[in-house]
1. How would you rank 295-307, 97-109, 129-141, highest first, on the average number of other Cβ atoms within 10 Å across their residues?
2. May I ask you to sort 267, 289 by Cβ crowding, counting other Cβ atoms within 10 Å and putting the fewest first?
3. Taking a ≥ b ≥ c as the square roots of the Cα gyration tensor eigenvalues, with a/c under 1.5 meaning rounded and otherwise prolate when a/b beats b/c, else oblate, which class fits region 208-305?
4. Rounded to two decimals, what ratio of Rg to Rh does region 22-179 give with C-alpha atoms and a Kirkwood Rh?
5. May I ask you to order 276-284, 228-236, 59-67, 151-159 by the average number of other C-beta atoms within 10 Å around their residues, highest value first?
6. Quick one: divide the alpha-carbon radius of gyration of region 94-148 by 2.2 N^0.38 Å and tell me what you get.
7. Take the alpha-carbon centre of region 35-59, take the same for region 263-281, and report the distance between them in whole Å.
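Read-outs: derived from the displayed coordinates by stated rules, not from any lab. Keep in mind that what you see is a predicted model, and the values were worked out from it rather than measured. Cβ coordinates were reconstructed from backbone atoms using ideal geometry, including for glycine residues, and neighbour counts include every protein chain displayed.
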Amino acid sequence: MQSLSKIRKKKFRYPKEVKEYLTVRETQAVYSGKIDIPYQRVCNCKPTNINCQTPKDWIKSQLGVWQFTYEKRDIRDRQLHPATFPISLARKVIDLFSHRGELVLDPFVGSGTTLVAAQDCGRNAIGFDLKKEYVDLCNQRLGQNLLFGNTRQLAVQDDAFKIPAYLEENTVKLIFTSPPYANLLNRARKNKSRRGEERKNEQYLKVEQYSQDPRDLGTMSLEKYTEEMGDIYERLLPLLKPMGHCVINVPDMWWENKRITIHIALVEELRKRGYELRNIIIWDRTNIVNRIGIFGWPSNYITMGTTFEYLLDFWRPRET
Ligand SMILES: C[S@@+](CC[C@H](N)C(=O)[O-])C[C@H]1O[C@@H](n2cnc3c(N)ncnc32)[C@H](O)[C@@H]1O
């Protein structure tokens, strides 16, 4: 179990200066004007460089298939949040597509993994989520490290659609997120990808949905979801600096023996809304899934969604 729950049990007390900082954060959670958050580079890299990487790091990033492992700080308790990605994944994307001091935005921030990674990398970052519980969890995770570094990371409870009310245009260097997957998780889990006894684990027959709030993208049909994502991302485009990247992590899903190609729907929709697709990277998850169940044998071949996901890498074209 996570250190966060230990903190709760121990009645963790923040030092005074952190408490003051958190009070400011809480005020900002209901603030409806522009947020004063730094967004300028603090490194000495050439203006045309897209990141602070050395040639050695750059070569590693050129592989089109990435793998990550979880670390202790990762939230893997599905009661705290049902769908997190590893901090190391967010760190890699941030390191690749921004410089130290620049601003990273996560419109669906969940437990705050992107913000924790931004803190590690010396980037300023802001994240949004509909659910207060998740926003509190994020700010609590960040609070553990508040006294180190001179960048700011902040989670705000609001609808991603409203983000332009909080940020100035041309200030965000990278948008990175893992959004909900339409209403495809809004059903009782059968755990078909699990083997044997693991199938009837604590998630069995549970609906692992973030909320039933009608603004929650996880409640929408694929058609409505795609349009809504398009509307949100169209509003985010002017916030992004020209040639700033926008990376979306999604899997495809299976529904009644049909592959639901969420990644294709999003590529088509974001292209319509002014983004240019630069790359598709595969996040190979085979090192972190174990004992997957047999599915479809011997007559119906399918690839298991749990073994890989897409990282859709777009940018804002120079002229928009
Ligand atoms: C896949 S999770 C993000 C998980 C995150 N990457 C992490 O590591 O914890 C998607 C999040 O989107 C949030 N969400 C759904 N609809 C939203 C909306 N309209 N505006 C803001 N957040 C929303 C959900 O509450 C959920 O926490």
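1. Details: 295-307: 11.8, 97-109: 25.2, 129-141: 20.5.
The most tightly packed comes first, giving 97-109, 129-141, 295-307.
2. Values: 267 19, 289 13.
Ordered from fewest to most neighbouring Cβ atoms within 10 Å, 267, 289 come out as 289, 267.
3. Numbers: a/c = 2.16, a/b = 1.61, b/c = 1.34.
Cα axes put region 208-305 in the prolate bin.
4. Details: Rg = 15.2 Å, Rh = 16.0 Å.
A ratio of 0.95.
5. Values: 276-284: 15.6, 228-236: 19.6, 59-67: 11.6, 151-159: 22.0.
For the peptides 276-284, 228-236, 59-67, 151-159, the packing ranking is 151-159, 228-236, 276-284, 59-67.
6. Numbers: Rg = 10.8 Å, N = 55, 2.2 N^0.38 = 10.1 Å.
For region 94-148, the normalised Cα radius of gyration is 1.07.
7. Centre-to-centre (Cα) distance: 24 Å.
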